[in-house]
Amino acid sequence: MKTRYGVIGFGPVGRVFAAHLVQAGHGVSILYRNPTIPIVLRGHPLEIRGVLRATAEITDFYNDMQDFLDSGVEVILICTKSSDSPGILQSIKSLNHREDIIFLSCQNGLDTEHQISDVFGPGHALRMSINMGCGKSSENVVRVSFAMKHYLSLMPDIDARLIHRIAADFTDSGLPLEVRQDYRTEVFKKALLNSSLGCLCAITRHTMSNVMGRDYMKEMVAGMIAEGIKIAQAMNIPIKDEFLGEAMKYLEKGGNHKPSILIDIENNKVTENEYLCGQLTRYARQYGVKVTLIPIIYYLIKTTESAK
């Protein structure tokens, strides 16, 4: 049985997921805002290149939310920025939609699944921790610079068979996805990676390899991760001190890649800072953890955004 997926947020991540799922035989509906997207992709297949490979004809485009919901979507992949989710979810809530619809947050940051459960309840919210770096080469080509196993939340209020079916759909399409009850540990680890190197890339306007290639910046990355580990431990999230070494090895593989938060800064857009350094800063206060670097980076990015 093939699942009908919907994709909201047709950036690099949404395109990678859509191409692989369509290539594997699943129906995929795309909600788009940019009017050039269906024009370009109806004439050319969507291609994923680099460490991942996929080619797919994407045809089911919708610019009206109700039409998108009426296309039979069972699982909606939310691939937008975290800051966009509340408005999108409230819009869907106001329209006719399946009572059993599932939303899967495929986003950066802490607690993005709570945005879904706050609107639709915990029986509709799933979360993925994504381990992939990708960017558009053109409207129909996405290049993936690195990709590892992703993680999917095992939520008590959602049928485990459905969760495992989603994981199997992704895995069988070439995107390994592991179901984890302790998914929040992986989400927190990824948030630490993004909040350190990603946010420093945004401030300095340098790629991942450019930042990691400078010893003084690498020390800052390590310092931010170490602070994040202390916050996690205060919250009883089982991240050991040894994660610092693992994280640095992971970030060394980032290559000449611009993380999405840097691209947002370059394009004068609101970033996911509130769900990265911002949320870490708030948790540090809540749990009485002394940190220095994370709040500084949070406020620097916040000020950069507010000046636009």
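The values are calculated or read from the model by the stated rules, or taken from the named source; none is laboratory data. Everything numeric in this text was worked out from a predicted model, so none of it was measured. When we count neighbours, we look across all protein chains shown, and the Cβ atoms used for this are built from the backbone with ideal geometry, even at glycine.
Just to be sure, is Phe146 under 30 Å from Leu293 (Cβ atoms) and either touching a strand residue (DSSP E or B) at 6+ places or on another chain (Cβ under 8 Å) or among the aromatic types (Phe, Trp, Tyr) (or both)? Here the answer is yes, as Phe146 does meet what is asked. Scanning the stretch 228-258 for residues being exposed (fewer than 14 other Cβ atoms within 10 Å of the Cβ), part of a loop (DSSP other than H, G, I, E, B) and over 20 Å from the mean Cα position of the chain (by Cα) gives a total of 5.
Checking Ser173 against (1) among the hydroxyl-bearing types (Ser, Thr, Tyr); (2) surrounded by fewer than 21 Cβ atoms within 10 Å (Cβ to Cβ); (3) without any contact (Cβ under 8 Å) to a residue 60 or more places away in the chain; (4) not assigned by TED's automatic domain parsing to the domain that holds Pro238, which test does it fail? The one condition Ser173 does not meet is (3). If a residue must be among the basic types (Lys, Arg) and in contact with an Asp or Glu (Cβ under 6 Å, 6 or more places away or on another chain), how many such residues does the stretch 78-125 contain? Count: 1. Restricting Ile261, Ile265 to those that are at pLDDT 90 or above, over 16 Å from the mean Cα position of the chain (by Cα), within 27 Å of Gly213 (Cβ to Cβ) and not in a loop (DSSP other than H, G, I, E, B) reduces the list to Ile265. Here Ile301, Ile294, Ile225 are screened, and the one residue that is of a type in the set (Val, Ile, Thr) and either without any contact (Cβ under 8 Å) to a residue 60 or more places away in the chain or surrounded by fewer than 16 Cβ atoms within 10 Å (Cβ to Cβ) (or both) is Ile225. Within the set Asp60, Asp64, the sole residue that is of a type outside the set (Lys, Arg), over 22 Å from Ile163 (Cβ atoms) and in contact with a Gly (Cβ under 8 Å, 6 or more places away or on another chain) turns out to be Asp60. Among the residues of the stretch 228-247, write down those that are free of Cβ contacts under 8 Å to residues at least 40 places away in the same chain and of a type outside the set (A, V, I, L, M). Correct list: Gln233, Asn236, Lys240, Asp241, Glu242, Gly245, Glu246. Condition (residue is in contact with a strand residue (DSSP E or B) (Cβ under 7 Å, 6 or more places away or on another chain), outside the structural domain of Arg282 (by TED's automatic domain parsing) and free of Cβ contacts under 8 Å to residues at least 24 places away in the same chain) applied to the stretch 93-115: is it met by at least one residue? No, that holds for no residue.
Within the stretch 60-109, the set of residues being among the aliphatic types (A, V, I, L, M) and not in a helix (DSSP H, G or I) comprises Val73, Val75, Ile76, Leu77, Ile78, Leu95, Ile101, Ile102, Leu104.
Sort through Ile130, Ile166, Ile78, Ile88 and tell me the only one that's more than 26 Å from Ala54 (Cα to Cα), surrounded by 14 or more Cβ atoms within 10 Å (Cβ to Cβ) and among the β-branched types (Val, Ile, Thr). Exactly one residue qualifies, and that residue is Ile88.
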